[in-house]
Each structure stands twice: as C-alpha cells, then as structure tokens.
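*Asks:* One structure coming up, written as structure tokens, with questions to follow.
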Amino acid sequence: MNIVDIINKKRMGEELTKEELEYTIKGFINGDIKDYQISSLLMAICLNDMTDEETSYLTEIMLNSGDKVDLSGVSKIKIDKHSTGGVGDKTTLILLPLVAACGVVAPKMSGRGLGFTGGTVDKFEAIPGFKSELSEEEFIKQVNEVGAADIAQTANLVPADKLLYALRDVTGTVESLPLIASSIMSKKLASGADKIVIDLKVGNGALIKNLDDARRLASIMVNIGKYHGKEVVCFLTDMNQPLGNAIGNSLEVKEAIEVLNNEGPKDIRDLVIVLGTAMVSMGLNISMKEANKLVLEKLRDGSAYKKFEEMVKYQGGNLEGLVISDKVISIKSQKSGFVRSIKTNELGEIVRKLGGGRYEKNDVIDPTVGIVLSVKKGDYLLEDEELVKVYINKKDISAQEIIDCFEIDDSSGGLNPLVYEMVK
Ligand code: URA
C-alpha cells in the first residue's frame, strides 16, 4: 500500500477501504506520511466526498488513535451534549446543571474557542478559580456526586483529530461534511457517554451555512452513532444572529445565570428548554412531555441555579469574583427601521479583537470584555436608538465596524425558526 495510490484513488472519486484509511492515519501519526500528502488527500476528500461507510471507518480509526474515557464507574445513563459552535452559545453552562437538577447524569468534555466562536471551557474559566483540568478520577467523582461536570478535553483524546484539524485549518479543508462528522463523533465516542444530543448550528454565524448541508451532516453523525450502538439526536438550530444577547465570556456567564433563574433572553431560554427536554427524556427514559414538565419545574423552583452553584463550587469557582468591564460604550443606530440581518460571525470576530478570544494557542483571554445586543432580528428601532453596548478593557473598537454588522431596512425580511428540525 502507498499513500500516493490512496491520494490518486480519492482524486478519482473512488471509495477508500478501511485498511487504506487505517494505513493513512497511522502513517500520519507516526510521521511516515507527510503533512503535504495528508493535505492533498484532505482536499481530494473535500472535493469528492466520502460515503457514509468510509466516514464511519475514519471515525473508528480516529477514535482508536488515543485514550477513551472510562465512565463505567458511573452507573446511570450518561448523556453528552455537543454544539457545533456559534456566537453567544452558552447553552452548555445552562444545560448541564439544569439536566443534573432533573436527575440526569451529564459528564462533558468541552473545547476552547475556535476562530470567531467562543469555547465552553473559556466561558466557565471566566469564573475565577474554576478548574477545567480534572483527573479522570476527580471527573467521575464529581459526576457521581453532583450529576454534572464540564472539563477540558484531555491531551490524548483523539490525537488524530488534533493533527488533522490543525492541517484542515490551514489548508481550506475544514468545511467537508465527512471530515466534520468524523472529527466531532470520534471525540464524542471517546468521551464515553451512552447517548448524545447534538445542537447543529446553521446560518451566517456557524460553520454550516445551509439546511441541506446540516441535514446531511446530522444524518452522517446519527448513523455513526448507530454503528457504535449510541443513540444520537441532532437538532438543527438557527445561527443567523447571536444566541441570547451577550457575547464575551463573563457576560455570557451572567446571561446563563439569568436563564438558570428562569429569566434571560427568550431565544436562549427556548433553546435550552428544547435541548434540555431531549436530554432529560433520553437520560431518564421518560416521554418528552414528562421531561419538559420536569425541565420547566427545575427552572422555576430555583433548583437549576442551585445545581449550577454546586457544580461551580465543586470545580473551585467563585461566582462572586466574576468581573465585567465597567468601561461601557453605547453604539446607536444611524437610521430607523427593522433589523433585517446581523453579521453574526463579524460580531464574534469583534469580541475576539477586544481580547475576548484567541488568535494564537497561548493568547490569554480577557473575560471582562464583550458585546450585549440591545436589538435582535426583526426588531424595529428609531434613529439614535441603541444597537449594542460594548464592554471594553485594554483594546479599542471602531463604532462604525459594529454599526455595519446590522442591516437596518424597511422590511424585516421575515424571521427564521429557532429550531428547524430534529434528526434521529
Ligand atoms: N467541530 C469539531 O470538533 N470538528 C470539526 O471539524 C468542526 C467543528
């Protein structure tokens, strides 16, 4: 077997065998196959796609490239949750304590920020003292005692994905559906949960821009789950505007706390109720109706927020210490009209420029900065009314750059649903 024949085969649009994929990934990890050869193969995959069977094999090979988390020390059904990433997405901060308050066991490994989208680990770490690096024993102990824990992915979890992702990032090959599916599912399967709920974001603030691609990605991931004996449910949800109002780490923690206290913006609250209901139904083997009742009750009676406090304290965090910058600038609209569209990824990019995200792996995040929207898509506003508040610290912003993120028009252009569909 040799890598040039494998690249040629994929270039001609043919299907690779499990043995060929295994040879390729193992060779890449041990250095026998070079970066430029893998880059060429990744581009051929991007252009010629993979069958579902090839994608399943690739996922399995990636999954076996490193450690798997052994959650056999947790006796109940374990539910994981994944979001493909978007701007202002703080659902995990709310969902883990919410479902744990309902009696579901939710161990989760999260990532740090990627590009213009923030990462859950960075959001939790905006809480002073919060520890995301727990040992496997500490993680399991917390899951057993609290019901939920969120930790950073361990170093040797799917090393093949780390290597492949770094190459994809710099070779224009991130946006391949089988490559995205195998990357996400290998990590989810390695994390050891029994059932997985995936929030697949679609829109101008997400990796996946249209519904057809989202449907195909969802069906590939559900099938990979079936092949590995895991129930996977995917929700296709809108990301044509930031989720909730807050973007930026401390601001997002504050907004998550509002939702946990049964308040907060309607879209993030509604989404958390949909995803939470599915997680509780799958985790407790009860109907969606019963699960929904439980979720609403735990938001209403304060136990979701209490569970959040317990989880944060267990991981060393001090909520009193959460800092949001007091340098606040109000940015106003230059004309009256409906908010027709919002350049979601550009708002995420502006928060990154303010210091709220990283450009290099070792950059230190400023959790105190960010943006809070005063308007959402479809709202009508008058000239000089506020579009956003910007929380700045060490870096300045261009007001015009922010104003240009909002298209104000005579028509709202209609609104997208928050949840498009469910694939299972
Ligand atoms: N998230 C991942 O983990 N992998 C991808 O390829 C894309 C999004």
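A short reminder: the numbers here are calculations on the coordinates, not readings from a lab. Fair warning: this is a prediction, and the values are worked out from it, not measured in the lab. Virtual Cβ from ideal backbone geometry, glycine too; neighbours counted across all protein chains shown.
*Asks:* Can you give me the distance in nm between label points at Asn210 and Lys141, each placed 7 Å from the Cα along the Cα-to-Cβ direction?
*Replies:* Going by the 7 Å Cα→Cβ label model, 5.2 nm.
*Asks:* Distance from the Cα centre of the stretch 75-152 to that of the stretch 1-74, in angstrom?
*Replies:* Centre-to-centre (Cα) distance: 29 Å.
*Asks:* Pull up the DSSP beta bridges for the stretch 105-237 and report the antiparallel fraction as a percent, rounded to 5.
*Replies:* Within the stretch 105-237, antiparallel bridges account for around 5 percent of the total.
*Asks:* Just name one of Asn64, Gln334, Ile140: the one whose Cα is farthest towards the positive end of the charge dipole of the chain (beta-carbon charges, Lys/Arg +1, Asp/Glu -1).
*Replies:* Ile140
*Asks:* Taking amide H positions as placed in the peptide plane 1.01 Å from N, state which residues far from Glu15 in sequence (5 or more) or on other chains have amide H under 5 Å from it.
*Replies:* none
*Asks:* Just for the chain, what percent of DSSP beta bridges are antiparallel, to the closest 5?
*Replies:* 50
*Asks:* At 222 nm, what value in deg cm²/dmol follows for the chain if DSSP H runs of at least 4 each add -39500 (n - 2.57) and the sum is divided by all its residues, to the nearest 500?
*Replies:* One gets -13500 deg cm²/dmol as the mean residue ellipticity at 222 nm.
*Asks:* Select from Val4, Thr173, Gly113 the residue farthest towards the positive end of the dipole of the chain; place +1 on Cβ of Lys and Arg, -1 on Cβ of Asp and Glu, and compute about the Cα centre.
*Replies:* Gly113
*Asks:* Here's another thing I want to ask about it. Taking the Cα-to-Cβ direction at Leu415 and at Val323 and moving 7 Å from each Cα, how far apart do the two end points lie in nm?
*Replies:* 3.8
*Asks:* Can you compute the label reach from Val170? Point 7 Å from Cα along the Cβ direction, backbone N cut-off under 20 Å, restricted to the stretch 352-386.
*Replies:* Only 358-364 pass the distance filter.
*Asks:* Using a basic spin-label model with each label point 7 Å from the Cα along Cα→Cβ, how many nm lie between Ser72 and Asp32?
*Replies:* About 3.2 nm separates the two model spin labels.
*Asks:* Right, here's the next one. Give, in nm to one decimal, the length gained when the segment between Asp270 and Asp396 is fully stretched (0.36 nm per residue of separation minus the Cα-Cα distance).
*Replies:* 42.0 nm is the gain from fully extending Asp270 to Asp396.
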